[in-house]
Amino acid sequence: MTRVVVVGGGIAGVSVAAELAIDAEVTLLEAEAALAHHTTGRSAAMYLPGYGNEVVRALTRASRADHDALAAEAGTPILTPRATMWVAGPDEVDGLDALAAENDVVRRIDGADVLARCPVLRADRVAGGVVDDGGSEIDVGVLHQAYVRRLSAAGGTIERGARVTSVARTSRGWTVGAGDRTWTADVLVDAAGAWADAVAGLAGLHPIGLQPLRRTLFTSPVATDVAPGPLVVDVHERWYFRIDAGIALISPADETPSPPCDARPEEIDVARALEAVDAITTLGLRSVRSAWAGLRTFAPDRSPVAGPAPEDPTFVWSAGQGGYGIQMAPALARSVAGLVRTGTLPADVAAAGLTPADLSPARLLPGF
Ligand SMILES: Cc1cc2nc3c(=O)[nH]c(=O)nc-3n(C[C@H](O)[C@H](O)[C@H](O)COP(=O)(O)OP(=O)(O)OC[C@H]3O[C@@H](n4cnc5c(N)ncnc54)[C@H](O)[C@@H]3O)c2cc1C
């Protein structure tokens with residue numbers, strides 16, 4: 001049986017490990033004491049079929065059936081419908097038209113419709129919107145745990161507190177070291193999120209130019225009689241918010257370059273978004289209850305990087321999930337598994353128009 005080591009216990013790592021464990025002996029190594037401690041545990045948890053570039057959208061739509069199947073296995077929903085609404089003031093409606101023109105799942109709506117959907121917006125600040133009614137909230141904990149259960153059921157092993165610090169190519173595969181422990185593998189999967197280039201570096205391979213970008217989220221109390229509503233996004237994505245019982249979840253939609261690290265929110269980013277959302281709503285936002293940040297890690301073309309490294313096909317990438325790594329995880333994991341087994345994509349992903357080249361790290365490594 002093929003022995004696989006997967007580095008990283010976020011959503012990318014557990015999903016690809018579970019897929020590969022169907023017919024391989026899989027060990028997942030996670031640096032932290034808990035899985036999903038980094039970006040996966042810090043997201044806005046949205047499934048937006050119209051978000052991201054064409055590759056991302058195809059993978060997101062191809063993931064829909066997997067989300068439903070995993071929910072059935074877990075016995076609890078993973079996706080709960082929640083619309084997304086981009087809004088603009090009177091001077092910025094051109095941006096709405098552009099958004100609607102480039103995206104086939106969204107619909108242009110007028111100012112009255114925007115206010116009907118989100119009555120806390122100020123009528124004089126909102127001239128129209130674009131809405132995506134196909135979106136959902138994701139229960140990230142249930143999704144992640146469903147993959148952990150699949151991995152365990154298939155005989156896979158998870159090692160927490162195992163920070164990989166050495167990766168050596170041998171004549172028989174890979175030797176992976178974490179502290180004083182080592183594992184051997186025929187195939188090594190790099191699902192290390194913001195650290196994926198660093199892990200490739202340990203293996204002596206080229207970095208693909210991943211850039212972690214910090215994004216902040218925080219909560220602010222609102223009156224308990226404010227009804228939950230859609231995810232409301234500024235047309236130029238300078239902030240977004242959504243209301244749940246007694247709480248507004250707000251982001252400055254920041255994209256601040258960062259080295260791989262345990263990301264922390266900056267006060268200035270929180271203050272900027274609090275002010276912007278307070279100005280466009282009647283919420284009367286006064287305080288911040290909790291704030292956090294995570295790293296959305298992008299390849300230069302903002303598509304995920306999945307499949308064998310051109311320098312060594314036994315080193316497999318699953319990286320560059322950017323701001324879409326939860327919603328597209330299922331189809332991306334099945335794609336990585338298909339590329340490892342046969343060099344091809346699953347039939348539904350291929351039927352969506354994607355080819356291995358769209359995902360391959362080779363597209364980012366001139367000369368390969
Ligand atoms: C504020 C915010 C909002 C977001 N909103 C959404 C959203 O609404 N919808 C959506 O789909 N996505 C969203 N995202 C993006 C999504 O969270 C990420 O794309 C996804 O979580 C990336 O998963 P990952 O497994 O690649 O990375 P991570 O979750 O960071 O996992 C990587 C893991 O690798 C481990 N690791 C690193 N180096 C080593 C090593 N040397 N040895 C062992 N382990 C190692 C790390 O400890 C970490 O646990 C959002 C992100 C942020 C920050």
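Every number in this text was worked out from the coordinates using simple rules, so none of it is lab data. The shown structure was predicted, so the numbers you read here are calculated from the model rather than taken from an experiment. Counting neighbours? That spans all protein chains shown, and the Cβs are built from the backbone with ideal geometry, glycine included.
With point charges of +1 on the Cβ of Lys and Arg and -1 on the Cβ of Asp and Glu, referenced to the Cα centre of the chain, which listed residue (P207, V349, V148) lies farthest in the positive direction of the dipole? Checked the options; the winner is V148. Working from Cα pairs under 8 Å separated by at least six residues, relative contact order for segment 149-297 is 22 percent.
Charge dipole of segment 101-203 (Cα centre as origin; +1 on each Lys and Arg Cβ, -1 on each Asp and Glu Cβ, all else neutral): 460 debye, rounded to the nearest 20.
Our note on the geometry: Cα centres of segment 281-297 and segment 146-215, 33 Å apart. Shape index of the chain: Rg/Rh, with Rg the Cα radius of gyration and Rh the Kirkwood radius from the inverse mean 1/r over Cα pairs, equals 0.99.
Near the amide H of E137, within less than 5 Å, lie the amide hydrogens of Y47, T80, R82, all on another chain or at least 5 residues away, with H placed in the peptide plane. Under the combined filter of DSSP loop state and at most 10 neighbouring Cβ atoms within 10 Å, segment 203-287 retains these trypsin sites (Lys or Arg not before Pro): R286.
Roughly what % of DSSP beta bridges within the chain run antiparallel, to the nearest 5? Beta bridges within the chain, antiparallel portion: roughly 75 percent. Using θ = phi - 60° in the Karplus curve 6.51 cos²θ - 1.76 cosθ + 1.60, the 3J(HN,Hα) couplings for segment 295-304 round to 9, 8, 9, 10, 6, x, 9, 6, 9, x Hz; x is entered for Gly and Pro. Dipole orientation for segment 214-293: of the candidates T224, P252, I280, T224 has the Cα lying most toward the positive pole (charges on Cβ; Lys, Arg +1; Asp, Glu -1). Sparse packing (at most 14 other Cβ atoms within 10 Å of the Cβ) combined with a DSSP loop state is found for none of the chymotrypsin sites (Phe, Trp or Tyr not before Pro) in segment 268-345.
Database remark: amide H of V189 closer than 5 angstrom to the amide H of V5, V6, V7, V316 (H placed geometrically; neighbours at sequence offset of 5 or more, or on other chains; Pro and chain starts carry no H).
Note: relative contact order over segment 249-368, using C-alpha pairs below 8 Å and six or more positions apart, is 21 percent. Each of A337, I158, A17 was scored by the projection of its Cα onto the charge dipole of the chain, and the greatest displacement toward the positive side belongs to I158; charges sit on the C-beta of Lys, Arg, Asp and Glu. For the chain, relative contact order (Cα pairs under 8 Å, six or more residues apart, normalised by length) works out to 22 percent.
Computed from backbone phi with θ = phi - 60° and the Karplus coefficients 6.51, -1.76 and 1.60, the 3J(HN,Hα) list for segment 308-323 is x, 5, x, 6, 7, x, 8, 9, 10, 8, 9, 9, x, 6, x, x Hz; x is used for glycine and proline. 3J(HN,Hα) couplings calculated from phi for segment 22-33 with the Karplus curve 6.51 cos²θ - 1.76 cosθ + 1.60 (θ = phi - 60°) are, in sequence order, 4, 9, 9, 8, 10, 10, 9, 10, 10, 5, 7, 6 Hz; Gly and Pro show x. Within segment 60-74, which residues have the backbone N less than 18 Å from the label spot 7 Å out from R149 along Cα→beta-carbon, could you tell me? The answer is 65-74, whose backbone nitrogens lie closer than 18 Å to the label point. Helical content of the chain, expressed as a calculated mean residue ellipticity at 222 nm, amounts to -8500 deg cm²/dmol (DSSP H runs of 4 or more residues, -39,500 (n - 2.57) each, divided by residue number, nearest 500). Taking 0.36 nm per residue of separation and subtracting the Cα-Cα distance, full extension of the segment from E275 to A101 would add 59.6 nm.
Amide H to amide H, with H built 1.01 Å from N, T297 comes under 5 Å of L213, Q321, G322, counting only residues 5 or more places away or on other chains.
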